[in-house]
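Participant: Here it is, the structure in full.
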Amino acid sequence: MRYENRQAPEGINVRQVNPFAQFLKFFLATIIFVVIIVVVLQFAGGAIAKLVPFKYELQLMEKVDVPLSSEGASPEMIAYLNDLASRVGPGLSLDEDIAVQVHYSDESVFNAFATIGGNLLFYRGLLEEMPHENALAMVMAHEMAHVNHRDPVAALGGGVASLVAMSMFTGMSGLAERVIGQTHMLTGTQFTRRMETSADKAALGAVNALYGHVNGAGALFEVMGDIKGDNDTIPDWLEKFAVTHPLSDDRIEAVEKLATENGWSNDGELTPLPKEFVKWLFGW
């Protein structure tokens, strides 16, 4: 037998694939995988959170002790808002174990939101723009519908599930526990466009049940459209994808369509706000 020490072929130890391209493919695949896992857990977390009894929402709010109403806020305004909520409630067919409490902040913010435990917060900036009680009742019913649909706890559950997933990949243990105790996690929950549309539908039915018509309900979205027009920085085509709430024009059209489908009258006497309403707002 003869043995020959042959030279290795030239370039045998040189990879034919660019290592940077290979790394980029691996990195992108990892990012896509993480995003899919986070999205799946977010939806799963939201669905599971809705199964949690409402009484545990109340216990969580007591535990974090988040202040909602402004210090020294008008007690008359708070009483009026809670009275309106009690009148709107029957039209929403609230679950027996759900209770709603309305809070008031004298900050000049055009907003109202629902959070866990049946808590609603209305800002002075929004109340200043209300032309009549019918529009305010639409806002109230919309936020109460979120509570009845368990949207706040679903949003919170989905957010926490996403944080758990992120902590698994980043190694930041306890991230979800730390964040859930933060005020902004409970008061800044974001709802999906589907949730917003569903709340609009339920709210319109509640307004019709309260007043016997839906006249004035769309005024809320007209006011929102006017304010957006004054501070418009996002084009409508982008806003359709980037913003959770449907566009104001779309919501007005949806209100009119829903009223027609259900035979609800668009004509009816508008109910004015209480005479002392401005006094409650500004303490005159």
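Participant: Taking region 133-157 only, how many residues are of a type in the set (Val, Ile, Thr) and either open to solvent by 20 Å² or more (accessible area, probe 1.4 Å) or outside any helix (DSSP H, G or I) (or both)?
Facilitator: Going through region 133-157 one residue at a time, the tally reaches 0.
Participant: Kindly indicate which of Ala29, Ala73, Ala44 is at pLDDT 65 or above and assigned to a helix (DSSP H, G or I).
Facilitator: The conditions single out Ala29.
Participant: What are the residue pairs meeting all of these: first residue in region 191-205, first residue touching a residue at least 60 places away in the same chain (Cβ under 8 Å) and more than 21 Å from Leu84 (Cα to Cα), second residue in a helix (DSSP H, G or I) and open to solvent by less than 20 Å² (accessible area, probe 1.4 Å), Cβ atoms under 9 Å, and 6 or more apart or on different chains?
Facilitator: none
Participant: Follow-up. Do we find that Lys55 is open to solvent by 80 Å² or more (accessible area, probe 1.4 Å) and either modelled with pLDDT of 90 or more or not acidic (Asp, Glu) (or both) in this structure?
Facilitator: yes
Participant: Moving to a separate point now. Conditions first: (1) modelled with pLDDT under 95; (2) open to solvent by less than 60 Å² (accessible area, probe 1.4 Å); (3) under 25 Å from Ala209 (Cα atoms). Ser93 passes all but one, so which condition is the exception?
Facilitator: (2)
The values are calculated or read from the model by the stated rules, or taken from the named source; none is laboratory data. Nothing here was measured: the structure is a model prediction, and the numbers come from that model. Positions of Cβ are backbone-derived with ideal geometry, glycine not excepted, and every protein chain shown enters the neighbour counts. Areas reflect the complete protein model, heavy atoms only, side chains present, ligands, DNA and RNA absent. Shrake-Rupley method; radii C 1.70, N 1.55, O 1.52, S 1.80 Å.
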